[in-house]
Amino acid sequence: MYSQFVLFVIALFVKNKVLVINSLVLSTIGILISTYHYLIQTGIIRTWSCSIAGDYTASCSDYFVMAYGYITIPVMAFIIFALVIIAGIAHKRLGK
């Protein structure tokens, strides 16, 4: 999401249609990663270890936020990426 913010700030000053395409590509990658992370959290996909720095980091399968019984951080990321994709497609179709 941070790289998307930079793209959108640039898009405010430069009228370049390539930025919309870049945003769509990054959002698609983000949806895939957030889906994978959610499947790890729910236990559908098992991993050997999520910890890069040994025992000093949190596990990928831990729930840091749980709202309404299913909304976790990966689900929130999925929703935001999906909204960015919808907005990008709408922008390309409307031609504005």
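Each reported figure results from applying straightforward, stated rules to the coordinates on display, with no laboratory input. Everything quoted here is computed from the prediction, not taken from an experiment. Backbone-built Cβ (ideal geometry, glycine too); neighbour counts: all protein chains shown.
Worth a mention:
- Using θ = phi - 60° and Karplus 6.51 cos²θ - 1.76 cosθ + 1.60, couplings along region 79-85 (whole Hz; Gly, Pro as x): 5, 5, 4, 5, 5, 5, 5
- When peptides 68-75, 21-28 are sorted by average Cβ neighbour count within 10 Å, with the highest value leading, the order is 21-28, 68-75.
- Taking amide H atoms as placed 1.01 Å from N in the peptide plane, the amide H of I45 lies under 5 Å from those of I40, each 5 or more residues away in sequence or on another chain.
- At full extension, H91 and I10 could sit 27.5 nm farther apart than now, given 0.36 nm per residue minus the alpha carbon distance.
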